[in-house]
Amino acid sequence: MRSVLLRSKPLYAIQTEAKMPINWCLVVLAVAALVFSGCKKQRSPELQRFLDKYNQIEEEMTEEEVDEILDGYPSYASKLDRQYHGQTGKPLKRNSAFEKTYSNKPGATEGDYCIIVYFDADGRVVGKRIAEIVS
């Protein structure tokens, strides 16, 4: 029978090695939490109201219903024959005949937001998107 000599480490070395990865994981998690906790951009109450209005718009609503939701926000309409969503590139439910853009405030400039709603020939919503204005 052949004997095998095993080299063993002292007990304190084994305990230290076992704790080391856990300690580093905790440090990494703590740093990540601190870094990412400050990354969430605070929204102004006005912008939050605008986003809430966006979330109320549903497919198949009429242009009048959308205008009622976004009453008070400046808007303009553009003739547009589009088959795909402008932001995601996914096909729209039906082709849009026109789009209507609503700004979150008069004279909106870079850094402000707009809601773009796609309507079919019957004036029903077939898509929507919200975008930050960039120049």
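Quick note: the coordinates plus some simple rules give every number you see, no bench work behind them. If you're wondering where the values come from, they're calculated on a predicted model, not measured in any experiment. Here the Cβ is made from the backbone with ideal geometry for all residues, glycine too, and neighbour counts use every protein chain on show.
Numbers at a glance
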quantity: Sorted by Cβ neighbour density within 10 Å, fewest at the top, the residues Y84, Y73; calculated: Y84, Y73
quantity: Of every Cα-Cα pair in region 45-132, the percent that sits beyond 21 Å; calculated: 24 percent
quantity: Region 45-132: relative contact order in percent, alpha carbon pairs under 8 Å with at least 6 residues between; calculated: 28 percent
quantity: Förster-model FRET efficiency, 25 Å R0, N95 and A131, C-beta, rounded to 0.05; calculated: 0.75
quantity: Extension gain (nm, one decimal) between E65 and A108, 0.36 nm per residue minus Cα-Cα; calculated: 13.2 nm
quantity: Residue exposure sequence - T101, T88, T62 - by fewest surrounding Cβ within 10 Å; calculated: T88, T62, T101
quantity: Sorted by Cβ neighbour density within 10 Å, fewest at the top, the residues R82, R124, R43; calculated: R43, R82, R124
quantity: Length added when fully stretched, A77-S44, from 0.36 nm per residue minus Cα-Cα; calculated: 9.2 nm
